[in-house]
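FYI, it's all coordinate maths here, none of it is from the lab. Owing to the predicted nature of the structure, the values given are computational and were not obtained by experimental measurement. Neighbour counts run over all protein chains shown; Cβ positions are idealised from the backbone, glycine included.
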Amino acid sequence: MNAIWSLGQAMFTKCIVVVDEDCDVQDVAEVVLRVANNIDPERDIQFMLGPVDSLDHSSRLPNYGSKMGIDATRKWKAEGFNRPWPAMIEMDRATKAKVDAIWEKLGL
């Protein structure tokens with residue numbers, strides 16, 4: 001997050017969410033799943049003060065305000081996480097097909 005905020009125009013990025021490389025960032029539902037499941041709010045949400053876009057009407061001062069970074073990655077032992085990280089649960093194809101058929105029947 002700090003690396004991104006240090007890159008030219010990227011310093012104006014108000015919110016950054018960091019996920020693991022196996023997360024499809026184009027799939028909003030998957031990103032939300034990672035954020036909801038992989039964070040300890042106190043440890044993994046960082047607030048910073050710094051330059052913001054001139055057009056940001058919500059900042060506390062013109063061109064200066066706060067930013068938020070969320071670390072939704074798997075945690076490592078080196079980060080102080082000493083328990084094993086659980087694997088992602090995946091539905092098998094038969095179950096997925098059955099659920100999809102129910103959604104279709106419900107018109108959703």
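In table form, for the structure just shown:
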quantity	calculated
Within region 65-79, backbone nitrogen closer than 14 Å to the virtual label 7 Å beyond the Cα of residue 21 toward Cβ	74
DSSP bridge orientation in region 17-108 - percent antiparallel, rounded to nearest 5	80 percent
Backbone N under 18 Å from the residue 63 label point (7 Å along Cα→Cβ), restricted to region 1-34	6-14
The chain pair-distance distribution - Cα-Cα, 5 Å bins, rounded %	2, 10, 15, 15, 16, 13, 9, 7, 7, 4, 1, 0
Top of 51, 62, 41 by mean-square fluctuation, Gaussian network on the chain, Cα under 10 Å	62
Charge dipole (region 49-108, unit charges on Cβ, about Cα centre) - positive-most of 84, 101, 62	84
Part-to-part distance (alpha-carbon centres) for region 1-78 and region 88-108, which is given in Å	32 Å
Karplus-derived 3J(HN,Hα), 6.51/-1.76/1.60, for each residue of region 35-48, Hz, glycine and proline x	5, 5, 9, 9, 10, 10, x, 5, 7, 10, 10, 10, 10, 10
Check: region 2-106 dipole with +1 on Lys, Arg Cβ and -1 on Asp, Glu Cβ, in debye	240 debye
Straight-distance crosslink candidates among lysines, where the alpha carbon sits under 22 Å from residue 67 and sequence neighbours closer than 8 are dropped	14
Distance (nanometres) between label positions extended 7 Å along Cα→Cβ at residue 95 and residue 78	3.4 nm
Extension gain, residue 13 back to residue 53 (0.36 nm per residue minus Cα-Cα distance, nm)	13.6 nm
Nonlocal amide H pairs with residue 17, under 5 Å, H built at 1.01 Å	70
Total formal charge among the other residues, if their Cβ is under 14 angstrom from that of residue 56, Lys/Arg +1 and Asp/Glu -1	+2
Value at 222 nm in deg cm²/dmol, rounded to 500, when DSSP H runs of n ≥ 4 in the chain each add -39,500 (n - 2.57)	-8500 deg cm²/dmol
